[in-house]
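This report refers to the structure that appears directly beneath it.
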Amino acid sequence: MTSSGRLPDAPVRVSSVQRFSLHDGPGIRTTVFLQGCPLRCPWCANPETQDCRGGKEMHVAEIMATVLRDADYYRNSGGGVTFSGGEPLLQPRALTALLRECKAAGLHAAVETCGEVPKEDLLAAEPYTDLFLFDIKHCVPAELRNVCKGNLEGILENLRALSASGKVIARIPCIPGFNLDEQTMKGIFDLAVSMGVKEAHLLPYHTYARDKYTQLGRNYDWPGESVRKDALEPFAAMGREAGLTVRIGG
Amino acid sequence: MAKVNIEAAQNVEISKKFPCEKSLQEQLEIMERYTEVHRAHLGSSKEMREAACLEVLYPTLFRHIQDGDRIAGRLDFLPIGFGCVTSVGGVGHYCVFRKLKQFAAQLPDADRPRVDALYHYWEDHDVKTAYNRETLQEDILGTFIETAYPMIATARLSGMMLDYPTLLSLGIGGLRQKISDRLQEDPGNEFLKAGLRCMDLFVRCARHLREEVCAQKAGASAERLRELDRMAESLTHIEDKAPQTFHQALQLFWLYALLAGVINYGRLDDFLGPFLARDLREGRITEEEAYKDVRSLWTLIENRRTTVNGRIIVGGRGRKHPEDADLFLHLCMRVAKDCRYVEPQFTLRLDKNTSEQVWDEALDALGAGATYPTIYNDDVEVPAVAYGMRVDEKTAEQYVPFGCTEFVIQGESTGTPNICINLLKLLTIYMNGGVDPEDGRRKDGGVPIKPLKEYKTFEEFYDGYKRLLDFYLDLSARAQYHSYEVMNRHVGFLFTSLLMKDCIARGKALLDGGIRYLGGTNETYGNINTSDSLQAIKTLVFEQKKYTLEQLETAVLANFEGYEQIRQDCLACDKYGNDLDTADGMANDLYEFVAKGVRDRGIAIGMQYFLIVISNNQLNTEWGLATAASPDGRLRGMYMNPANNPQGGADKSGPTAMLNSLAKFDARYHAGSVQNIKFTPSMFNGHRDIIKGLFRTYFDRGGCHIMVTVVDSGVLEDAMVHPEKYPNLIVRVAGFSAVFVDLSPDIQKELLSRVLYDEQRSLA
C-alpha cells in the first residue's frame, strides 16, 4: 500500500517503466509508458504502445514501488515521474490514481499527452499534475487527420482549457516531410502562443524505432533521415521570435 | 607440502617498465655484490643485514636526472635486490627468478654460470619463496598468480603510506636525533642502530643526486639552470634540516619514498599544502611554477610504472590544514586533467561539505577522459573504517586507499592484501562434489560434501557451501598472518618502519611488534557471479522446481552445450545490479557471510583487522578463464564480474538501479570496495547537473566509492581492431586505470561487456 490508501483494483496496462529517463521533463525521471494511443503517427517512436490490448497488466502499487525506488534521485536533480505512452489519458482513472500517489509521495509528476482525449479526463488529472508535455504536431487540421488520424480542433480546445494552469510545455516533434518547413512551424508556434503556451520543446526526428517495427512485423515507411539537433536552430529562433521559450530536445 | 613454482608471475604488470640504465655487466656486478653482502651478513641481525644490503643498492641504482625533471630521483631495480612490493623489484631480499632468467638470456654464455650461482643462492634466501614453501598447499592454496587454485597467497608489504608529516616537520636531522635519543635508552637495539645507518644512507643519496644535478648544468639554458640550481639547493638543505619551501618538502618526501620502496604516497594535499601556501603568500613561487613542480611529480610517479598503485589522495575529513591543502588539490586537478596518465591513481575524498568548485573540477577532469579522480565518500567510509578497523573516528579519518582500493591508516597501519579467494570457483567445486570441473582435482580440503540429491532445501544447500568457505577463510587468516611472520624473520623494512608509528618508540621494526595497527586484507573474486548463481538455484530448483540440482549441474558441467534452454532460464533469473530485493539480497547475504567471517578470523588470530576488499585489478578476468561454467548462466572461461559491479550486461535497469544495488552493502565490513560506471561524453558532459544529482544521491544512500570512465560508444570496439589509432585511450579497469590497447583481449572484452550509459538510452 502506498500512502494515500486509495488504490483502484483495476490493473493498469503498461508498456514499460523506464528508470533514469532524461528526455521527458526536467532532472532524473522515471517514465511510465502506458499502453494504447488514439493516434497513428507513421513515425511513432513507440509503436509497441499503440495497441490498447498490448503491454502488461500492473497494479498501481506495483508501479509506485518501482517509481519510489529513485525518489532520492528525483529530489537531488529536480526530477520526478513522467506518465507517457501511448496516450496515458486513455486510462484516465488509473492515471489519476497514479498521479494522486505521486502527489502524496511529494514527487514531481508530468504527463505527456497528444491531447486527443476527453476534456473532462484531462481536467480531472490537472490538479495532481505538475507539468503537461502537450504535443502540437501540426497547425492544419486536414494534415493531422490524414497522416495521424487526429482531430486538431479537439486537441486545441483541450490545450486552451489546460494552458490557463500555466503547467503546459508544448512538444513539437520535428518531422521532415510532415511539419518541418518554415510555414508549418511558424503556424505551430503562432498556435501555441495564441493558446497561452509559454514554452516549447523541439524534438528532432530520429529513426531509432526502426527495429521495433521489424520486431512487430510492421513496415517502417516514413521516409527521411534523422534530424540533427543543430538543424533545428533556425526553427528555434523562429519560435523565440514568436514569443516562446524554446529548447531543442526533451 | 606443495610444489612451489618460483618462476610464477608475481603481480599484474601492464605498463611497460623503462629498461635499466646500467650495462648488463654492471647489473650483474651489483647483484653479485648484493648477494655477497647478504651472505656475509647471514650471521648478523636482520636489521644490520638489511642496512648493509641497502648500502649496496643506493645510491648506485639512481638513474640520471632527465630533462624536465624538477625533482630529483629516479630508480632502477634489478632481478635481485631489496623492496616491499612486487611491482617495483620484489619483497624483502628478493630474487625474481623469472626475470633473472630473462636477464641471463641476454648475457654471453661465459657469464651464465655467474647467474646460475646467484639463482642457486636465492632459491634458499628469497623471502617470498621461503613463505611459499611454508604456506602453499597442493590444489588448495597457490602462489600469486596461479589461477588453477581457489585461493592464492603471497608475502609482500603493499600499500604502506608513511608518516610524512613527521618527516617534514623533523627533517632528516630531526629524525636522526629521535632515533639517537631512543638508542641512548636502549644501546644494544639493532633496529635503531640500523636506522641510523639508513639516515647516513639518505644523506649519501642526496649528495649523489646533487652531483647528478650539477652534471646537467653544462650547456643548459638559463631557465633550466635556475631549475637545476634550485634542485641542488634543496638537496643540500634536506640532508639535515627540516624543509622550509614547497620544493624542499617535495624533494624530501620523494627521496624518502623512493628509498623506502613505497609506491603509494598518501594525503599530499594536507602535508604539502602548507609549504605551497607559504611560498605563494611570500612570493617565493608562482602558481605556474608550482603547477610545473606538481606535474613533474606526476611524471616521476607515472614513470615508476607500478600499474595499480601510485596513490595521491586529496580532500576529505580530518585534514589539519584544509585551506592550504585545497590550494594543492586545485593544482592536482589541473595536472590530472592535463596529463591523463594511468598513474598516479589520483584520489579524491569528499563528503557533504565538499565545495561545488571541487565537484566541478573533478567532473571536468573525468569528463576530459582522465578517469581521475577516483572518488571516495567520507560520510560512509570514515565511520565504516572506524568500525571495521576497530579505531576511533579521528584515527579513521586518516584512512587512505592504496593499490586497487585497500585501506590503511596513513602512518599507522599495514593493510597488504596477501590473500585472494575465488568464491565462484569454490561454488563450482562444491557443486561438483569437491572436485574442480576444470582439472578434475579435489579441492575440498577434506570438508565433507553431500551428493546434490540429498539437499532438500535451499538453506541446506547454501549451508554446505558455507562450510567449504569456512575452511578456506580459516586458511586465509592463517596464511595472511604467516606472511608477516616470515617477512619479519628476514627483514625490518627499515626506511618504512622508521616512519610508521610506533616503531621508533618501541625500538622495533614494523612487523616485529613496532607497527601500531597490524592489519591486512583479503581480495574476494566472483562475488556477484556466486550470488547470482545461488539466486538462480534458489529460483529454478527450490522455488519453481523447474529443474533438479543434478540437472542444473549436468548442464553446467557441459558448459550448457545441449542445454541452451537451461542456460536461458538461468540468465532470466533475477540478477544483481537491477535494484531487486531478491538478487541484491542474496548478494548482500553472501557478502556479509564472507566479510564478517574474514573479519572475525583476523581478530581471533591477533590482527587489528583483517578485512575483505572487493577490488579485483584484472584478476576477475584471468581467474574467470580458469573457472568452470556457473549457474548464473556464465560460460566456462568467461570473465567474472568486476569488483562489486554486476556481471557485464546483467544490469538492464539503468544507472539509478545499478547504483542502488551497489549501495546496499554495509561498508563497515570491508576495507575498500570499488564501483565502476561508464558514460558517453555527451551523457557525462552534456548533463552535468544530472550527473551530480546521480552521484550525490548514490553517496547519500550509502554509496562508498565511484570511478568513472567517459568514452564514446564504439570507441573501445574500434580500438580492439585498430589499436594504433588509440595510443592514449585510458580506461578504468577495476581499481586502476590502463591504456586500453595495452590490455589483453580477454580483459578488453570484459570492459566492453560493461554497460555504457548514454543519453540516447532514454529515447524510447
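Key figures
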read-out	value
Wholly within the stretch B:270-385, helices (runs of 4 or more DSSP H) carrying at least 3 residues that are of a type in the set (Gly, Ala, Ser), modelled with pLDDT of 95 or more and within 29 Å of B:SER15 (Cα to Cα)	B:356-367
Yes/no for B:ASN559 being open to solvent by 20 Å² or more (accessible area, probe 1.4 Å), away from every other protein chain (no Cβ under 14 Å) and on the phi > 0 side of the Ramachandran plot	yes
Selection status of B:LEU590, open to solvent by less than 10 Å² (accessible area, probe 1.4 Å), within 22 Å of B:GLY433 (Cα to Cα), under 26 Å from the mean Cα position of the chain (by Cα) and touching a residue at least 40 places away in the same chain (Cβ under 8 Å)	yes
The listed residue being within 14 Å of chain B (Cβ to nearest Cβ), charged (D, E, K, R) and open to solvent by 10 Å² or more (accessible area, probe 1.4 Å), out of A:GLU112, A:GLU120	A:GLU112
Looking only at the stretch B:431-442, and only at residues there that are out of contact with any Gly (no Cβ under 7 Å at 6 or more places or on another chain) and not small (Gly, Ala, Ser), the one that is surrounded by the fewest Cβ atoms within 10 Å (Cβ to Cβ)	B:ASP439
Residue list for the stretch B:146-163, filter: aliphatic (A, V, I, L, M) and surrounded by fewer than 19 Cβ atoms within 10 Å (Cβ to Cβ)	B:ALA148
Residue, nearest to A:VAL12 (Cα to Cα), within the stretch A:49-64, restricted to residues that are in a helix (DSSP H, G or I) and touching a Ser or Thr at 6+ places or on another chain (Cβ under 8 Å)	A:VAL60
Considering residues of the stretch A:169-222 that are in a loop (DSSP other than H, G, I, E, B) and small (Gly, Ala, Ser) only, the residue nearest to the other protein chains (Cβ to nearest Cβ)	A:ALA209
Hits in the stretch B:185-208 (condition: of a type outside the set (D, E, K, R) and either open to solvent by 10 Å² or more (accessible area, probe 1.4 Å) or out of contact with any helix residue (DSSP H, G or I) (no Cβ under 9 Å at 6 or more places or on another chain) (or both))	B:PRO187, B:GLY188, B:ASN189, B:LEU196, B:VAL203, B:HIS208
Residues that are open to solvent by 10 Å² or more (accessible area, probe 1.4 Å) and either out of contact with any Asp or Glu (no Cβ under 9 Å at 6 or more places or on another chain) or farther than 16 Å from A:ALA236 by Cβ (or both), drawn from the stretch A:161-175	A:ALA161, A:SER163, A:ALA164, A:SER165, A:GLY166, A:LYS167, A:VAL168
Residue in the stretch A:221-236 that is under 20 Å from the mean Cα position of the chain (by Cα) and within 14 Å of A:LYS137 (Cβ to Cβ) present	no
The stretch B:505-522: number of residues that are open to solvent by 10 Å² or more (accessible area, probe 1.4 Å) and either part of a strand (DSSP E or B) or charged (D, E, K, R) (or both)	6
Scan of the stretch B:695-719 for residues that are within 14 Å of another protein chain (Cβ to nearest Cβ) and at pLDDT below 95, ordered by number	B:SER713
Failed criterion for A:PRO88 (all others in (1) surrounded by 24 or more Cβ atoms within 10 Å (Cβ to Cβ); (2) more than 14 Å from chain B (Cβ to nearest Cβ); (3) closer than 22 Å to A:PRO47 by Cβ hold)	(2)
Residue in the stretch A:8-31 that is nearest to the other protein chains (Cβ to nearest Cβ), counting only those that are assigned to a strand (DSSP E or B) and open to solvent by 10 Å² or more (accessible area, probe 1.4 Å)	A:ARG19
Scope the stretch B:624-641; condition closer than 12 Å to B:LYS749 by Cβ, under 23 Å from the mean Cα position of the chain (by Cα) and not hydrophobic (A, V, I, L, M, F, W, C); matching residues	B:GLY624, B:TYR639
Criterion (closer than 30 Å to B:MET487 by Cβ, free of Cβ contacts under 8 Å to residues at least 60 places away in the same chain and open to solvent by 30 Å² or more (accessible area, probe 1.4 Å)) met by exactly one of B:ASP364, B:ASP392	B:ASP392
Only listed residue being in contact with a helix residue (DSSP H, G or I) (Cβ under 6 Å, 6 or more places away or on another chain), at pLDDT below 95, closer than 19 Å to B:ASN616 by Cβ and not charged (D, E, K, R), chosen from B:PHE665, B:PHE736, B:PHE740	B:PHE740
Selected residue [assigned to a helix (DSSP H, G or I) and open to solvent by 10 Å² or more (accessible area, probe 1.4 Å)] from B:GLU239, B:GLU211	B:GLU211
B:LEU78 being over 25 Å from the mean Cα position of the chain (by Cα) and outside any helix (DSSP H, G or I)	no
Residue among A:ARG75, A:ARG100 that alone is surrounded by fewer than 24 Cβ atoms within 10 Å (Cβ to Cβ), within 14 Å of chain B (Cβ to nearest Cβ) and outside any loop (DSSP other than H, G, I, E, B)	A:ARG75
Test: A:PRO47 is surrounded by fewer than 22 Cβ atoms within 10 Å (Cβ to Cβ) and within 14 Å of chain B (Cβ to nearest Cβ)	yes
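For every residue, the table says whether it meets (1) more than 14 Å from every other protein chain (Cβ to nearest Cβ); (2) part of a helix (DSSP H, G or I); (3) surrounded by 24 or more Cβ atoms within 10 Å (Cβ to Cβ).
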residue	(1), (2), (3)
B:GLN647	yes, no, yes
B:LYS664	no, no, no
B:PHE684	no, yes, yes
B:GLY693	no, yes, no
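The values are calculated or read from the model by the stated rules, or taken from the named source; none is laboratory data. Model, not experiment: these values are computed from the prediction. We place every Cβ from the backbone using ideal geometry, glycine too, and count neighbours over all the protein chains shown. Note: accessible area is taken over every heavy atom of the protein model, side chains too, but ligands, DNA and RNA are not part of it. Shrake-Rupley method; radii C 1.70, N 1.55, O 1.52, S 1.80 Å.
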